[in-house]
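So the structure is just underneath, and the comments pick up after that.
The values are calculated or read from the model by the stated rules, or taken from the named source; none is laboratory data. Nothing here was measured: the structure is a model prediction, and the numbers come from that model. Quick reminder, even Gly has a Cβ in these numbers, built from the backbone with ideal geometry, and neighbours come from all protein chains shown.
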Amino acid sequence: MSIDSLKNRLRSLPSLKGPFNELDMDQFPDTPQKAFQRWLDDAIEGGVTEPHAMTLSTVDSDGLPDARVLILKNVDARGWHFAAKADSPKGKQLAKNPNVALTFYWPALGRQIRLRGKAMMLPDAECADDFLTRPEGSKISAVASRQSEILESELELNKSLDEARTFLGRNPEHIELGWRVFVVQPTNIEFWQGATDRLHKRVIFSITASEAGWQKQMLWP
């Protein structure tokens, strides 16, 4: 396929087809947590596939951006939670630079949520509880995996999985060393409602050390 053909093919693909619900700016919640909960409820009720999937963006030791899709674990007054192994690429990046971004995109609703802030590790007890309450298969893969290292063969992977399965069967209360749960404490959060006419509606929450609470503002499309 030529470059021009690919360009034309991409331009012919539909985007923001709608129809989408109208966003009532006057009734928008006063905190980002409440706004997120409302939009998440809409996504779940609207049949969005994996509405708790999000893109975590970090910065590596060379200052280059990196991104991957993770699952949201919780949202509370502290922020947005996710889990990672300390020795994984993202874990190492967070140890050196905690500045991150989270992005949620729900195309069926024409909605996007963007967060920026610092990822802080939760207390050991909360990290341990998260690991212990993971599904059995997820615990096995966490113990077996040497994430992002070179894998020589499927046999090597299967051997590691078998060993992890046996180990956890004998040690059901095992907590994987280096299992971490982080909370992103955002400094700003944007809620974006797409529109078929491209007159998108945007609400941003921001906070600084000198402010007592969240500041909510509307943005131009």
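Hey, can you tell me all the residues within segment 188-206 that are among the aliphatic types (A, V, I, L, M) and within 19 Å of the chain's Cα centre (by Cα)?
Hits for segment 188-206 are ILE189, ILE204.
In segment 148-170, is there at least one residue being among the polar types (S, T, N, Q) and either closer than 27 Å to VAL75 by Cα or at pLDDT 95 or above (or both)?
No: segment 148-170 contains no residue that is among the polar types (S, T, N, Q) and either closer than 27 Å to VAL75 by Cα or at pLDDT 95 or above (or both).
Residues checked against (1) over 27 Å from the mean Cα position of the chain (by Cα); (2) assigned to a helix (DSSP H, G or I):
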{"site": "SER138", "(1), (2)": "no, yes"}
{"site": "ALA142", "(1), (2)": "no, yes"}
{"site": "ILE150", "(1), (2)": "no, no"}
{"site": "LEU155", "(1), (2)": "yes, yes"}
{"site": "GLU173", "(1), (2)": "yes, no"}
{"site": "VAL184", "(1), (2)": "no, no"}
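Across segment 105-118, which residue is surrounded by the most Cβ atoms within 10 Å (Cβ to Cβ) among those that are in contact with a Phe, Trp or Tyr (Cβ under 6 Å, 6 or more places away or on another chain) and closer than 16 Å to VAL69 by Cβ?
ILE113
Of everything in segment 84-104 that's in contact (Cβ under 8 Å) with a residue 60 or more places away in the chain and either of a type outside the set (A, V, I, L, M) or crowded, with 19+ Cβ neighbours inside 10 Å (or both), which residue is nearest to GLN147 (Cα to Cα)?
Looking at the filtered set, the residue picked out is SER88.
Show me the strands (runs of 3 or more DSSP E) found entirely inside segment 1-102 where at least 2 residues are closer than 27 Å to PHE205 by Cα and of a type in the set (S, T, N, Q).
Values: elements: 53-59, 65-71, 74-76, 79-85.
Strands (runs of 3 or more DSSP E) meeting the threshold: 53-59.
Pairs please, first residue from segment 119-146 and surrounded by 13 or more Cβ atoms within 10 Å (Cβ to Cβ), second anywhere and among the basic types (Lys, Arg) and part of a loop (DSSP other than H, G, I, E, B), Cβ atoms under 8 Å, 6+ apart in sequence or on different chains.
ASP130/LYS73; ALA142/ARG134
Do we have any residue at all in segment 10-26 that's more than 23 Å from TRP80 (Cα to Cα), touching a residue at least 12 places away in the same chain (Cβ under 8 Å), surrounded by 10 or more Cβ atoms within 10 Å (Cβ to Cβ) and charged (D, E, K, R)?
yes
Hey, among GLU176, GLU190, GLU149, GLU163, which residue is within 18 Å of PRO89 (Cβ to Cβ) and either surrounded by 12 or more Cβ atoms within 10 Å (Cβ to Cβ) or touching a strand residue (DSSP E or B) at 6+ places or on another chain (Cβ under 8 Å) (or both)?
After ruling out the rest, the residue left standing is GLU176.
Sort out which residues of segment 169-201 are touching a residue at least 12 places away in the same chain (Cβ under 8 Å) and farther than 30 Å from LEU102 by Cβ, and write them in order of number.
Answer for segment 169-201, where residues must be touching a residue at least 12 places away in the same chain (Cβ under 8 Å) and farther than 30 Å from LEU102 by Cβ: just GLU173.
Quickly run through segment 192-205 and pick out the residues that are out of contact with any helix residue (DSSP H, G or I) (no Cβ under 6 Å at 6 or more places or on another chain) and part of a strand (DSSP E or B).
Those that are out of contact with any helix residue (DSSP H, G or I) (no Cβ under 6 Å at 6 or more places or on another chain) and part of a strand (DSSP E or B): TRP192, GLN193, LYS201, ARG202, VAL203, ILE204.
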